[in-house]
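This report concerns only the one structure given below.
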Amino acid sequence: MKQAGAEKHQNILQRGIKILADIFIPILPAIVMAGLLMGINNVLVHPIFTEQSIIEMYPQWAGIADMINIIANTAFTFLPALIGWSAVKRFGGSELLGIVLGLILVHPDLMNAWGYGAAAAEGDIPSWNLFGLEIEKVGYQGQVLPVLVASWVLAKIEVFLRKRVIDSLHLLVVAPLALLITGILAFILIGPITFTIGSWITTAVVSVFDMAPVVGGLLYGALYAPLVITGMHHTFLAVDLQLIGTIGGTFLWPILALSNIAQGSSVFGIMLATKDEKLKGLAGTSGLSAWLGVTEPAMFGVNLRYRYPFYAAVIGTAIAGAFISFGKVKAFSVGIGGIPAPLSIFPESWISFLIGMVIVIVVPFLITFIIAKRKLR
């Protein structure tokens, strides 16, 4: 009741951000886990430190690498099921129906969404004929918007039916009817429309970074930390997942990872400059937390309190963001946004990303340390 009352006083944008946060935060551990395991798999199958990969030098590791790959890819292959579970729960429906809805959208009998572009070019897209209406028989692997909207529709239909169907018939009527109606709407209307909207969003974001990567990286690097303060950063997780599902990687998440490191670096500048033992301890623990991907203690406990460490972190992230965007750095998944971040970066971009890490470690630390030595007496 308190949550509902609080949401009534929020504007549309605030409510939308809150809904996205409520949906994506519960599934974040599964996605991060998948990203880390994919990073381990990449270390095994790509030649990173030598001219040969580990599995080429030690073929007995090939089976382990393949097994890790399957375990890691599962969360992304069935991403609509994870989103369906969390979204239907958030909208007041039954989580189990949300899982089934998500699985329906990635059913193996449907054409894989990742092959849609090539099939469309060749005019070879399978379809259903529904009384003369041609409906594309395509799945929504890696897509975010179709399952989000379909989950909202499913939850509303389920709630509507539960209020009007007698209890003894719930099992026979509510779930089958809600899934049938939502499934048909998903393939006929919701899926095609939201898939197109998702493609437009992806194209717009990619176009900005293609036309002016330095500007795009600079702006996103400068704005990400302020977005964290407002909570609007949660909306970009959906964009990251959409980019991963559409183009196979995201160039936004690497900047997020650098922003986390930058906040930690600023805090470490405070830690070394101050003589206040209490502040030194707070800075040390919160800085370590930021370097492991959790920035709130550093940001709200120290950096925003003194302001200049926060600005130093923003400056460092903007510079590093411009640099790695110019280098076309991408992540194949979201992971832990701190020092372990390279495990989620495509191996061919490791050098550029590591240089970006050096920038966000050195620049915020030096700026903060120099100013703090003068201000903290």
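Residue count for segment 14-69 under the criterion of being open to solvent by 30 Å² or more (accessible area, probe 1.4 Å), among the hydroxyl-bearing types (S, T, Y) and touching a Pro at 6+ places or on another chain (Cβ under 7 Å): the result is 0.
In segment 222-230 there is at least one residue matching the filter, namely being open to solvent by less than 60 Å² (accessible area, probe 1.4 Å), modelled with pLDDT under 85, part of a helix (DSSP H, G or I) and not β-branched (V, I, T).
Only one of these is farther than 28 Å from I247 by Cβ and at pLDDT 85 or above: G93, G139. Name it. Exactly one of G93, G139 is farther than 28 Å from I247 by Cβ and at pLDDT 85 or above, namely G93. Scanning segment 273-293 for residues that are closer than 10 Å to Q263 by Cβ and within 21 Å of the chain's Cα centre (by Cα) returns S289, A290, W291.
Those residues that are of a type outside the set (S, T, N, Q) and either touching a helix residue (DSSP H, G or I) at 6+ places or on another chain (Cβ under 8 Å) or crowded, with 18+ Cβ neighbours inside 10 Å (or both), I need them from segment 358-369; list them, please.
I359, V360, I361, V362, V363, P364, F365, L366, I367, F369
Restricting attention to segment 282-336, and to residues there that are among the basic types (K, R) and under 26 Å from I31 (Cα atoms), which single residue is surrounded by the most Cβ atoms within 10 Å (Cβ to Cβ)? Among those that are among the basic types (K, R) and under 26 Å from I31 (Cα atoms), it is K330. Answer with yes or no whether F268 is touching a residue at least 12 places away in the same chain (Cβ under 8 Å), in a helix (DSSP H, G or I), more than 24 Å from G338 (Cβ to Cβ) and open to solvent by less than 50 Å² (accessible area, probe 1.4 Å). So F268 fails the test. In this structure, does L101 turn out to be over 20 Å from the mean Cα position of the chain (by Cα) and surrounded by fewer than 19 Cβ atoms within 10 Å (Cβ to Cβ)? Spelling it out, it is not the case that L101 is over 20 Å from the mean Cα position of the chain (by Cα) and surrounded by fewer than 19 Cβ atoms within 10 Å (Cβ to Cβ). Scanning segment 142-171 for residues that are assigned to a loop (DSSP other than H, G, I, E, B) and farther than 30 Å from F236 by Cα gives V165, I166. Taking I355, is it outside any helix (DSSP H, G or I), closer than 13 Å to L258 by Cα and open to solvent by 10 Å² or more (accessible area, probe 1.4 Å)? No; evaluated as a whole, the condition is false for this residue.
For segment 51-60, indicate whether the set of residues that are closer than 28 Å to L354 by Cβ and touching a Ser or Thr at 6+ places or on another chain (Cβ under 8 Å) is non-empty.
Yes - at least one qualifying residue is present in segment 51-60.
The values are calculated or read from the model by the stated rules, or taken from the named source; none is laboratory data. Note that the coordinates shown come from a computational prediction; the quantities given were computed from them, not determined experimentally. Glycine also receives a Cβ, built like all others from the backbone with ideal geometry; neighbour counts cover every protein chain displayed. Heavy atoms of the whole protein, side chains included, go into the accessibility calculation; ligands, DNA and RNA do not. Shrake-Rupley method; radii C 1.70, N 1.55, O 1.52, S 1.80 Å.
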